[in-house]
1. Which one of these is at the interface with another protein chain (Cβ under 7 Å from one of its Cβ atoms), under 18 Å from A:TRP72 (Cα atoms), assigned to a helix (DSSP H, G or I) and touching a Leu at 6+ places or on another chain (Cβ under 8 Å): A:LEU147, A:LEU169, A:LEU132?
2. Within the range B:36-46, which residues are more than 7 Å from DNA strand D (Cβ to nearest atom) and more than 25 Å from the chain's Cα centre (by Cα)?
3. With the range A:42-126 as the region, which helices (runs of 4 or more DSSP H) entirely inside it contain at least 2 residues that are away from DNA strand C (no atom under 16 Å from the Cβ)?
4. Do any residues in the range B:24-43 that are within 14 Å of another protein chain (Cβ to nearest Cβ) and closer than 19 Å to B:PRO113 by Cα have Cβ atoms under 8 Å from those of residues that are among the hydroxyl-bearing types (Ser, Thr, Tyr) and within 8 Å of DNA strand C (Cβ to nearest atom), where the two are at least six apart or on different chains, and which pairs are they?
5. Identify, by number, the condition in (1) surrounded by fewer than 24 Cβ atoms within 10 Å (Cβ to Cβ); (2) at pLDDT below 95 that A:CYS192 doesn't meet.
6. Please identify the pairs in which a residue from the range A:179-206 that is part of a helix (DSSP H, G or I) has its Cβ atom under 7 Å from the Cβ atom of a residue that is of a type in the set (Lys, Arg), counting only partners at least 6 apart or on another chain.
7. Condition first: under 21 Å from the mean Cα position of the chain (by Cα) and acidic (Asp, Glu). Now tell me which residues in the range B:133-151 satisfy that.
8. Any idea which residue in the range B:7-41 is surrounded by the most Cβ atoms within 10 Å (Cβ to Cβ), counting only those that are near DNA strand C (Cβ under 7 Å from one of its atoms) and assigned to a loop (DSSP other than H, G, I, E, B)?
Number of protein chains: 2
Amino acid sequence: MPRVRDPKRTRRKVLEASYREFYRHGFQGGSINRIVTAAGITKGALFHHFAGKNELGYAVLDEFLTPAVNNWWVEPLHDAGDPVQALRNILKRFLKRIEEEDPEAGFLFNGCPICNLAVEMSPLDEGFRERLGTIYDTWHCAISEALERGQATAVVRSDINPTAEASFLVSIMAGSASVGKVTQQMAFFRNCIKVAQIHVESLVPS
Amino acid sequence: MPRVRDPKRTRRKVLEASYREFYRHGFQGGSINRIVTAAGITKGALFHHFAGKNELGYAVLDEFLTPAVNNWWVEPLHDAGDPVQALRNILKRFLKRIEEEDPEAGFLFNGCPICNLAVEMSPLDEGFRERLGTIYDTWHCAISEALERGQATAVVRSDINPTAEASFLVSIMAGSASVGKVTQQMAFFRNCIKVAQIHVESLVPS
DNA sequence: AACCTTACATACCACGCGGAATGTTGCAAG
DNA sequence: CTTGCAACATTCCGCGTGGTATGTAAGGTT
């Protein structure tokens, strides 16, 4: 029998259950009642830790999704000497991850959790829009700045536009996840990543 | 004073109001009550023409969004002799259209209506998933088949993969709309389309 | 030992939802 | 002229929702 009083753990359980609930049903379609049931706690506990449904959504963004983007994209790109090699690794690692996932709960079925919230909530709530904007901006900057550094050390072609290329890469990730969850075909997803990989290769000087 | 009894017109008004409502609030967040108010009719009239909320969403897909894709992509590509020129025209026309739109109600603020529904409803309802899958499939096929015809007449490079290129183009359109509605910057959207245009140019034999 | 704050649990609430049941009226066929 | 059905309008309903008010107990502080 675990400790009765454990606020950190309780908060964590709520956040994890919320993430899953919103991931599957969307934010508006997500149910507080289902969250408390899944987390094995009560509504009183939830509203003790979070002021309301919106704040719960914000917390999922701040404490789950922002770190995920940092893990997958920002840090690898920041640490890398050669940005093209870093992008190669990221795309490869990403594709592998998806293929290993549980098809019922993973990326191919449910899409990108960030993109899902962005599509649903950006026009409806400024708090969501702002946070999601920051996430995409961080992501975007990580790519474009890495490409600029690559241009400075001549490992990236000087005649490409880092900003446009970054926009392109972010869009492809979001778009392929969105369309992929409709077609339910890994092949579609793989095709998109493949073209993205080819495009990345075209960034290295000939 | 208009004709009191006009089922065709009534049905149309309901569909148009539903399209706008779902476009702004999503399907789950969309309200039947708001729809009947906006359409200037009553709930009785709505449920006389449509069996339920889901059927209403299906009708929006079948009678609004499917024709829109046909208009913008399928027919131009089918009629064209040179698929690359057709894609050039489509992208240009599309960008122009968005720049002219009302910022409060248009593509940049609300995203792509098809992609929005796809992201929200695909994992939740098979009826939505099926219809959206058909739309994306038609769209995808229109591009890939046009590219294949272009390869046959040597106006498209023979060493590119039409299927992969089609997947890529569809994804870019969906992704740029999704991310664009977060950043709210036309520049982001324009960057994506620009890279897509460059990519399209790379399809023509050198 | 008394106390007080934090961390929950329980019970309850108003509201808007999608939808059904029923009532009413225009309009065309017989 | 009347009959009948399609095309609505009106009214009502059960339910799940996000959120609150209140109760209670754990555990550190003094």
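The values are calculated or read from the model by the stated rules, or taken from the named source; none is laboratory data. Source: prediction; values computed, not measured. Reconstructed Cβ throughout: ideal geometry from the backbone, glycine too, with neighbour counts over all protein chains shown.
1. Only one candidate passes the filter, namely A:LEU132.
2. Restricting attention to the range B:36-46, the residues satisfying the condition of being more than 7 Å from DNA strand D (Cβ to nearest atom) are B:36-40, B:46.
Those that are more than 7 Å from DNA strand D (Cβ to nearest atom) and more than 25 Å from the chain's Cα centre (by Cα): B:THR37, B:GLY40.
3. Details: elements: A:43-49, A:53-60, A:66-69, A:75-79, A:83-100, A:107-110, A:113-121.
By residue number, A:53-60, A:66-69, A:75-79, A:83-100, A:107-110, A:113-121.
4. Within 8 Å, the pairs are B:HIS25/B:SER31.
5. (1)
6. Partner pairs satisfying both residue conditions: A:VAL182/B:ARG129; A:VAL200/A:ARG88.
7. If the condition is that a residue be under 21 Å from the mean Cα position of the chain (by Cα) and acidic (Asp, Glu), then B:ASP137, B:GLU145 are the ones that fit.
8. Across the range B:7-41, the extreme among qualifying residues is B:GLY30.
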